[in-house]
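K.L.:
Before anything else, here's the structure in question.
The values are calculated or read from the model by the stated rules, or taken from the named source; none is laboratory data. These numbers were taken from a predicted model, which means no experiment stands behind them. Backbone-built Cβ (ideal geometry, glycine too); neighbour counts: all protein chains shown.
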């Protein structure tokens, strides 16, 4: 069964809609975007594109990514309206808030 267009998991979709579309939909739907890819933060910072909160996991082992993402959501009270970019590494979390 194919996922609906509003599916929270991009991996459930039949075709990759591309970074720009994922970025746009996350912002439009007010979703926190959790990724391994630095391209989303670059879209927000370099292009100044409006965005919801972005969490980038760096150097986190595959089996730990889910639990780490959940821990970050709880500890840092993720809020799509805050528009922050969190870079999560094994030993630290860096938070860049919007200058807006």
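K.L.:
Right, residue 20: at pLDDT below 90 and either assigned to a strand (DSSP E or B) or surrounded by 12 or more Cβ atoms within 10 Å (Cβ to Cβ) (or both) or not?
P.N.:
Yes; evaluated as a whole, the condition is true for this residue.
K.L.:
Let me ask something else about it. Can you give me the number of residues within the range 69-80 that are more than 13 Å from the chain's Cα centre (by Cα) and part of a helix (DSSP H, G or I)?
P.N.:
Looking only at that region, the number is 3.
K.L.:
Shifting gears a bit: Restricting the search to the range 77-98, which residues are more than 19 Å from residue 23 (Cα to Cα) and loosely packed, with under 14 Cβ neighbours inside 10 Å?
P.N.:
Passing the criteria: 77, 89, 90, 91, 92, 94.
K.L.:
Considering only the range 27-51, state which residues are surrounded by fewer than 19 Cβ atoms within 10 Å (Cβ to Cβ) and closer than 16 Å to residue 89 by Cβ.
P.N.:
Listed by number, the residues that qualify are 35, 36, 37, 38.
K.L.:
Taking the range 56-93 as the region of interest, how many residues are under 22 Å from residue 28 (Cβ atoms), touching a residue at least 40 places away in the same chain (Cβ under 8 Å) and touching a strand residue (DSSP E or B) at 6+ places or on another chain (Cβ under 6 Å)?
P.N.:
Summing the residues that are under 22 Å from residue 28 (Cβ atoms), touching a residue at least 40 places away in the same chain (Cβ under 8 Å) and touching a strand residue (DSSP E or B) at 6+ places or on another chain (Cβ under 6 Å) in the range 56-93 gives 1.
K.L.:
Contact list please: Cβ distance under 8 Å, first residue in the range 30-55 and at positive phi and in a loop (DSSP other than H, G, I, E, B), second residue loosely packed, with under 14 Cβ neighbours inside 10 Å and at pLDDT below 90, pairs at least six apart or on different chains.
P.N.:
Final answer for the pair search is 30/81.
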